[in-house]
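Below is one structure, written out as structure tokens; the observations come after it.
The values are calculated or read from the model by the stated rules, or taken from the named source; none is laboratory data. What you see is a predicted model; the values in this text were computed from it and never measured. Cβ coordinates were reconstructed from backbone atoms using ideal geometry, including for glycine residues, and neighbour counts include every protein chain displayed. These accessible areas exclude ligands, DNA and RNA; they are computed on the full protein's heavy atoms, side chains included. Shrake-Rupley method; radii C 1.70, N 1.55, O 1.52, S 1.80 Å.
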Amino acid sequence: MGMGYVGLPTALQLHSSGRRVLGVDISTRRLDAINSEDVDLIPRDRVRLKEALNDPWAFVMSSAAESIADAAAILICVPTPVNEHLLPDLNALVLACQSVVKVASKSQTLILTSTTYVGCTNDLLLKPLADRGLTVGRDIFVAFAPERINPGDSKIHHNDVPRVVGGATPACMSNAVEVLADCSKLLHPVSSLEAAEMTKLFENTFRAVNISLANEFADISGHLDLDINEVIDAAATKPYGFMPFRPGPGIGGHCIPCDPHYLLWQLRAERVTAPMIETAMALVASRPSRVVERAAQVLATQGKTLAGASVLIVGVAYKPGVADVRESPALEIFSRLHNSGAAVAFTDCMIDRIDVHGTMVDVLRDPREAKWDLVVVHTIHSDEDVSWLTDDVPVLDTTYRLSRESRRYTL
Ligand SMILES: NC(=O)c1ccc[n+]([C@@H]2O[C@H](COP(=O)([O-])OP(=O)(O)OC[C@H]3O[C@@H](n4cnc5c(N)ncnc54)[C@H](O)[C@@H]3O)[C@@H](O)[C@H]2O)c1
């Protein structure tokens with residue numbers, strides 16, 4: 001259930017391992033995009049999708065949730081975003097679990113894979129199944145196995161990534177392991193649903209905190225006139241106790257900007273504080289406004305202001321290699337620059353249009369034709385041509401990946 005960035009590659013993996021797969025998604029637009037192969041996938045999955053679409057007996061898609069009634073196993077892969085107040089938006093997950101519980105039948109295995117708070121599988125599956133008179137571990141089997149896919153990554157195959165799994169009972173665990181063995185070569189069982197839920201929250205919070213630390217070190221290095229990447233590369237030569245994280249314009253995507261808020265929201269109800277996580281999330285959230293402040297400073301060096309300046313953003317995806325702008329810092333940067341009076345455009349070789357607070361903005365395919373007061377480099381896809389960014393153009397490199405030349409600035 002849910003054929004998005006997680007569900008579709010999972011369905012393709014299960015299909016290629018010989019399972020019959022039914023992919024359910026409430027969005028007919030998404031299903032049409034999959035059918036017409038107009039989806040953001042790594043090359044290996046593109047090939048798999050073609051094969052799957054040519055195998056209608058074993059790969060079926062539907063928008064009807066009831067069609068899952070006959071499935072041996074159901075994997076729930078729906079989105080778990082946050083709202084504008086950074087509070088968990090559980091609507092999709094609640095609806096998906098309700099529709100699963102409604103048609104769930106004896107001997108099925110239900111595996112929740114969406115990132116969520118600790119205790120969610122119990123609240124949204126175990127309790128409602130018990131209310132329907134189904135005994136978990138005997139009549140029906142439930143597990144939580146958080147997803148770890150890294151969209152756009154062709155180097156580390158999805159099924160080479162170990163999969164953590166927690167079962168509601170030992171029988172639930174063994175049924176879930178049988179299904180997940182077709183998704184991942186290595187499974188890591190943990191003792192409970194809650195331990196598996198917490199594992200995912202820890203992983204992504206760990207990343208958020210470390211990205212925030214890398215940003216702080218980048219700022220400090222700037223003050224001390226040091227190259228942050230040289231420092232990180234040198235620290236990364238240590239074979240234990242250090243893992244390189246890179247600074248940037250903020251955090252984007254459907255995971256790191258959202259998941260820690262599921263934990264913080266839950267802790268608030270328990271009156272428990274987590275000051276390090278709170279601080280890290282506040283700092284990374286303030287990063288896009290720092291980009292805009294810095295843009296104003298760079299323009300000031302040329303005697304210009306944001307008001308009236310022509311500014312180009314290079315790369316609006318939240319990271320290289322994906323056509324995904326969910327939570328992308330570029331959207332906030334775009335909107336803040338625009339609200340400060342700049343004429344803003346964007347180029348991105350993977351994205352045609354973006355929605356900036358309800359206004360659709362089309363990509364500029366050839367930015368070389370215009371003259372820019374400032375270019376803000378936000379994401380560099382491997383196919384993005386940045387060779388035209390010569391010394392003639394002032395560049396604010398928020399990726400810290402371009403070489404340092406006279407008219408290149410970092411944050
Ligand atoms: N995208 C990632 O990099 C990533 C990585 C690891 C884990 N996750 C987690 O996986 C989950 C899914 O993320 P995603 O990126 O695949 O989301 P997505 O938005 O790409 O896809 C979710 C799909 O679910 C569909 N959907 C929503 N409600 C539904 C319902 N009731 N029934 C059926 N379909 C429904 C949507 O139409 C959408 O196509 C989230 O919890 C996320 O945190 C995502």
(request) Run down Ala317, Ala309 and say which single residue is buried (at least 17 other Cβ atoms within 10 Å of the Cβ) and farther than 12 Å from Asp373 by Cα. (result) Ala317
(message) What pairs come out if I take residues in the range 251-271 that are without any contact (Cβ under 8 Å) to a residue 40 or more places away in the chain and in a helix (DSSP H, G or I) and pair them with residues that are more than 9 Å from the ligand (Cβ to nearest atom) and not charged (D, E, K, R) whose C-beta lies under 6 Å away, six or more apart or interchain?
(response) Leu267/Ala274
(request) Mind counting the residues in the range 81-139 that are free of Cβ contacts under 8 Å to residues at least 12 places away in the same chain, more than 14 Å from the ligand (Cβ to nearest atom) and not charged (D, E, K, R)? (result) 5
(message) With the requirement that a residue be under 31 Å from the mean Cα position of the chain (by Cα) and open to solvent by 20 Å² or more (accessible area, probe 1.4 Å), what does the range 131-152 give you?
(response) Phe141, Arg148, Ile149, Asn150, Pro151, Gly152
(message) For the structure I just gave you, tell me whether Ser16 is closer than 13 Å to His158 by Cα and either more than 10 Å from the ligand (Cβ to nearest atom) or not assigned by TED's automatic domain parsing to the domain that holds Lys185 (or both).
(response) yes
(request) Of all residues in the range 153-185, count the ones that are surrounded by 20 or more Cβ atoms within 10 Å (Cβ to Cβ) and either more than 16 Å from the ligand (Cβ to nearest atom) or part of a loop (DSSP other than H, G, I, E, B) (or both). (result) 9
(request) With the condition kept exactly as written, say whether any residue in the range 289-296 is out of contact with any Asp or Glu (no Cβ under 9 Å at 6 or more places or on another chain) and either hydroxyl-bearing (Ser, Thr, Tyr) or within 20 Å of Asn204 (Cβ to Cβ) (or both). (result) no
(request) Identify all residues within the range 19-29 that are out of contact with any helix residue (DSSP H, G or I) (no Cβ under 7 Å at 6 or more places or on another chain) and either away from the ligand (no atom under 13 Å from the Cβ) or open to solvent by 60 Å² or more (accessible area, probe 1.4 Å) (or both); write none if there are none. (result) Arg19, Arg20, Ile26, Thr28, Arg29
